[in-house]
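Asks: Once you've had a glance at the structure underneath, I'll fire off some questions.
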Amino acid sequence: MFHRAMSLEFLDGTSLKVRFQDGVIKSYDMKVLFKKYPQLKALKDRKLFTSGKLLSPYGIVWNDELDIETETIYQEGETVGQENAADMSFADAVRKARAEAGISQMQLSELTGIDQSDISKIERGVANPSVSTLQRIAKALGGRLSITIDFSMT
């Protein structure tokens, strides 16, 4: 299973912080790869280092020669946090229900009157939807939205 990266933050030195779709937040220092991949030493240059982009949910790219798979960060990085369990439960529930209905975020937006960017925020776990918003989404998706909140993870 590959873990989708949702956001990237540059920390001091050559350290990164990546938030994954499952709510796990990992820290990773690129210097652990310098011996194995000497070309990565170029990332000591702060301007180059902070120019990196989360090119896809599965990789960070600096240039044609410098990149890293986010799965490496997930597997080898240090867990430094966990997103709010409730927000991630809403995200998972809405994303799964929409996928099962076979509709796009834009189509769900049209059915609910909720802006597509807000639906995206809910599905990424960065928004805290109200009960009435969840009711509108549930109605548009056939009347049911199953949400389980596990607080043992927080």
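Asks: Which residue fluctuates most in the GNM of the chain (Cα springs below 10 Å): Ile73, Ile114, Ile122?
Replies: In this elastic network of the chain, the residue with the biggest mean-square fluctuation among Ile73, Ile114, Ile122 is Ile114.
Asks: Now for a separate question. Return the loop-located trypsin sites (Lys or Arg not before Pro) in segment 33-76 (DSSP other than H, G, I, E, B) with at most 14 other Cβ atoms within 10 Å of their own Cβ; answer none if there are none. Write down the numbers at each step before the final one.
Replies: Working: sites: Lys35, Lys36, Lys41, Lys44, Arg46, Lys47, Lys53; in loops: Lys35, Lys36.
Sparse-neighbourhood loop trypsin sites (Lys or Arg not before Pro): Lys35, Lys36.
Asks: Continuing with the same structure: Along the charge dipole of the chain, Cβ charges K/R +1 and D/E -1, which of Phe49, Pro38, Ala138 sits furthest on the positive end?
Replies: After comparing all options, I get Phe49.
Asks: Please report Rg over Rh for the chain, where both radii come from the alpha carbon positions and Rh follows the Kirkwood definition. Could the numbers behind the result be given before it?
Replies: Details: Rg = 18.2 Å, Rh = 17.1 Å.
Taking Rh as the inverse mean 1/r over Cα pairs, Rg/Rh reads 1.07.
Asks: Here is a follow-up. Relative to the compact globular guide of 2.2 N^0.38 Å, what is the alpha carbon radius of gyration of segment 1-76, as a ratio? Walk me through the numbers on the way to the answer.
Replies: Values: Rg = 11.5 Å, N = 76, 2.2 N^0.38 = 11.4 Å.
Rounded to two decimals, the normalised Rg is 1.00.
Asks: What fraction of the Cα pairs in segment 85-153, stated in percent, has a spacing above 13 angstrom? Numbers along the way, then the final one.
Replies: Working: 1383 of 2346 pairs.
That tail contains 59 percent of the Cα-Cα pairs.
Asks: Which of the chymotrypsin sites (Phe, Trp or Tyr not before Pro) found in segment 35-111 are in a DSSP loop and have at most 16 neighbouring Cβ atoms, other than their own, within 10 Å? Walk me through the intermediate numbers first.
Replies: Values: sites: Phe49, Tyr58, Trp62, Tyr74, Phe90; in loops: Tyr58, Trp62.
Sites meeting the loop and neighbour criteria: Tyr58.
Asks: Could you tally the net charge around Phe2, taking each other residue with its Cβ under 12 Å from the Cβ of Phe2, Lys/Arg +1 and Asp/Glu -1? Display every interim value, and only then the final one.
Replies: Working: positive: Arg4; negative: Asp22, Glu69, Glu71.
Once positives and negatives cancel, what remains is -2.
We did not get these values from a lab; they are worked out from the coordinates using the rules stated. Just so you know, these numbers come straight off a predicted model, no measurement behind them. A quick note on method: Cβ atoms are made from the backbone with ideal geometry, for glycine too, and the neighbour counts reach across all protein chains shown.
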